[in-house]
Amino acid sequence: MGGSVAVLLVGAVLATGCEPVEATGGTGASPVPRVTTAPTTPTAPVAPSSPSPSRSSDDKPAAPAPTRTSPAAPAPSPSARVLMKVGSEGARVRELQARLRQTKHFARNPTGYYGTLTAQAVEAFQRGLGIEATGRTDTVTWQRLLAATRTPTASELDPPTELPVAAPDPRCLKGRVLCVSKESRTLAWMIDGRVVSVMDVRFGSEYTPTREGVFSVYWKSRHHVSTLYGSAMPYAMFFSGGQAVHYSADFAARGYGGASHGCVNVRDEKKISALYEQVKNGDKVVIYH
């Protein structure tokens with residue numbers, strides 16, 4: 001009997017899985033009026049003479065009329081080449097985000113991925129400088145940012161999560177728990193109230209929401225592939241039907257521009273690899289908002 005139940009349970013899971021989904025931007029000059037004066041009668045004959053220069057009322061030579069010129073547009077700097085743009089990633093992007101955070105233009109923790117939020121922060125910084133707001137980080141923007149900020153510390157460059165970790169739900173304070181906050185989009189691996197590790201997570205869309213409540217890990221699958229969607233679900237730890245905590249390459253690449261079909265996606269493969277080795281079947285999973 002027990003063997004039959006296990007086969008049915010595993011079979012149900014194999015028919016489920018999570019797949020990343022897309023989340024649901026000619027005029028002419030006015031004529032100059034002619035000024036005329038009434039003719040005057042000379043009091044005495046005037047001999048012809050060479051024309052004399054006009055005089056002002058105080059008998060000083062009249063100043064020539066000023067000539068208006070439009071300011072020349074600044075020529076583009078030949079050194080303004082693009083260093084980073086949407087799609088860039090790595091240590092320099094992480095430093096860019098940390099420095100933009102210092103200037104109050106970037107409200108998240110650095111991720112090392114140049115997405116739309118980073119581009120918007122760069123645009124805002126460029127507008128503040130009065131330079132062309134492209135959202136791309138060129139050499140001029142980068143040098144101005146370096147001058148306006150200090151060198152970020154190691155903790156500023158590599159914080160554990162994009163958003164600050166939420167205060168744990170009271171149900172997470174006892175035992176071995178995967179404590180998942182939808183509000184801060186973080187997962188904290190806790191043992192008897194102590195946080196062992198934390199990582200960024202994302203969830204299902206409004207049509208395929210991630211379930212909330214208290215669950216437990218009932219099956220682990222290191223190289224799992226969804227039979228519904230054909231997508232890879234490495235380091236899968238199933239907690240409710242076909243919903244699992246697992247690594248998502250799509251999340252790592254696109255960030256929060258997408259969503260899962262209900263699973264809890266983790267984008268840091270190194271962190272979830274270590275977590276997978278520590279979590280055991282029967283460990284608690286608490287998902288709350």
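The values are calculated or read from the model by the stated rules, or taken from the named source; none is laboratory data. Given the structure is predicted, the values throughout are model-derived calculations rather than measurements. Neighbour counts run over all protein chains shown; Cβ positions are idealised from the backbone, glycine included.
Taking Gln126, is it buried (at least 19 other Cβ atoms within 10 Å of the Cβ) and either of a type outside the set (Asp, Glu) or modelled with pLDDT under 95 (or both)? Break it down stepwise before answering.
Values: buried (at least 19 other Cβ atoms within 10 Å of the Cβ): yes; either of a type outside the set (Asp, Glu) or modelled with pLDDT under 95 (or both): yes.
Yes, satisfied.
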Tally, over the range 262-289, of residues that are under 25 Å from Tyr207 (Cα atoms) and of a type in the set (S, T, N, Q): 1
Mind checking whether some residue in the range 107-115 is polar (S, T, N, Q) and closer than 21 Å to Tyr256 by Cα? yes
What about Val82, is it under 23 Å from Ala253 (Cα atoms) and either at pLDDT below 95 or under 12 Å from the mean Cα position of the chain (by Cα) (or both)? no
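Yes or no, residue by residue, for (1) under 19 Å from Val177 (Cα atoms); (2) among the acidic types (Asp, Glu):
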| residue | (1), (2) |
| --- | --- |
| Val225 | no, no |
| Met237 | yes, no |
| Gly258 | no, no |
| Gly262 | no, no |
| Glu277 | yes, yes |
| Lys280 | yes, no |
| Ile287 | yes, no |
Close pairs (9 angstrom Cβ cut-off, 6 or more residues apart or separate chains): on the phi > 0 side of the Ramachandran plot in the range 209-230, small (Gly, Ala, Ser) and surrounded by 15 or more Cβ atoms within 10 Å (Cβ to Cβ) anywhere: Gly213/Ser240; Gly230/Gly17
On the given criteria, is Met237 more than 22 Å from the chain's Cα centre (by Cα) and farther than 29 Å from Gly87 by Cα? yes
Name every residue in the range 185-203 that is surrounded by 22 or more Cβ atoms within 10 Å (Cβ to Cβ) and among the polar types (S, T, N, Q), in order of residue number. none
Just need a number here: residues in the range 221-255 that are surrounded by fewer than 17 Cβ atoms within 10 Å (Cβ to Cβ) and either within 23 Å of Gly115 (Cβ to Cβ) or among the aromatic types (Phe, Trp, Tyr) (or both). 3
Residues of the range 104-125 being more than 22 Å from Asp268 (Cα to Cα) and in contact with a helix residue (DSSP H, G or I) (Cβ under 6 Å, 6 or more places away or on another chain), which ones? His105, Ala121
Return yes or no: is Arg136 charged (D, E, K, R) and within 26 Å of Asp200 (Cα to Cα)? yes
